[in-house]
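Data block below; observations after.
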Amino acid sequence: SADALASPMGRRFSVGELVIELVPAGNIVGSAQLLVEHRGKTICYCGAIRPGDSWLTLPGQIRPADVLILDCPYDEPIYEFPDRGALLEELAQWIDSVSSTGETPVLLASALGMSQELCHALSSRGYPIRVNRAIATWNRKVRACGVALSEVSELRKPPLRGEVVIVPPDEKGQATIDRWIEHPRIALVSGRAVIPEEVQRAGAEIGFPMSCHADSKRLLEFVRATRATAGSALKISRTI
């Protein structure tokens, strides 16, 4: 848009009395924290945060702030995710086990975010990937941003033996499964997968708790590291 104000990460700029800076959030490609300074106070607004490691985007950074406004879908203690590397190993073992039977491993993952990370991580291990149209569209947009995301094919015919299919956990994802996959074996890849009932509700046989959001432990570490004033960390909960 001609009215859009573009700014790179880490470059401060002014809007009236406000001094603003975009800082990597680590959630998805291009996600940012908005740091706003006004009269000696700093407010950090972030739709979602994931400090530390990421397979595709800049790691989330920690900056001091007086007030935090965060999206915290996984702030409850139950949402503590295992090591991502170990989970990826478990996921690969499950995929190999399913493929050896001639059935198709199907991963339910958010169309923007987790799907791209899975495409990257699994393609890097040599797995042939198919995705539905929604994910294919987001993949093209992510690559257009200059991200070296592996090329994967859109599912337009029944998958071949050994191919891994990734679809979002919604009606369109289910429609893809119903149309093209004769013998699906389904896994939920989401932070919600720590709860067995959520895995069952998704129609999956197994869950792998990976997310582009921070879990409760990392979220608490992030809040403490910013040194925000007690009582000033506001949350917007929205489970994805």
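The values are calculated or read from the model by the stated rules, or taken from the named source; none is laboratory data. The structure presented is a predicted model; accordingly, all values stated were derived computationally and were not measured. Cβ placement follows ideal geometry from the backbone for every residue including glycine, while neighbour counts extend to all protein chains displayed. Ligands, DNA and RNA are stripped out before the accessible areas are found, and what is left, the full protein with its side chains, is counted by its heavy atoms. Shrake-Rupley method; radii C 1.70, N 1.55, O 1.52, S 1.80 Å.
Some observations on this one:
- For Ala32, net neighbour charge (Lys/Arg +1, Asp/Glu -1) across residues whose Cβ lies under 15 Å away: +2
- Taking all Cα pairs closer than 8 Å and separated by 6 or more residues, the relative contact order of the chain comes to 24 percent.
- Sparsely packed trypsin sites (Lys or Arg not before Pro) within the stretch 66-146, loop by DSSP, other Cβ within 10 Å at most 15: Arg125
- The charge dipole of the chain, taken about its Cα centre with unit charges on the Cβ atoms of Lys, Arg (+1), Asp and Glu (-1) only, comes to about 640 debye.
- In this structure the amide hydrogen of Phe208, modeled in the peptide plane, comes within under 5 Å of the amide hydrogens of Leu188, Val189, Ser190, none closer than 5 places in sequence on its chain.
- At a probe radius of 1.4 angstrom, the accessible area of the chain per residue rounds to 51 square angstrom.
- 15 Å beta-carbon shell around Ala86, net charge (K/R +1, D/E -1): -4
- For the stretch 1-131, a crude dipole built from +1 on the beta carbon of Lys and Arg and -1 on the beta carbon of Asp and Glu, taken about the Cα centre, is about 500 debye to the nearest 20.
- Neighbourhood charge, 14 Å Cβ-Cβ cut-off, centred on Gly102 and excluding it, Lys, Arg +1 and Asp, Glu -1: -2
- Measuring between their Cα centroids, the stretch 161-204 and the stretch 113-127 lie 16 Å from each other.
- Value at 222 nm in deg cm²/dmol, rounded to 500, when DSSP H runs of n ≥ 4 in the chain each add -39,500 (n - 2.57): -8500 deg cm²/dmol
- Carbon/sulfur fraction of accessible area - the chain, other protein chains in place, 1.4 Å, %: 52
- Once the Cα-Cα distance is subtracted from the 0.36 nm per residue extended length, the Ile195 to Arg39 segment shows a gain of 51.7 nm.
- Placing unit charges on each Cβ (+1 for Lys and Arg, -1 for Asp and Glu) gives the stretch 87-160 a dipole about its Cα centre, and among Ile135, His120, Ile95 the Cα reaching farthest toward its positive end belongs to Ile135.
- Rg/Rh for the chain stands at 1.02; both radii use Cα atoms, and Rh follows the Kirkwood definition.
- DSSP bridge pairs, the chain: antiparallel proportion in percent, nearest 5: 40
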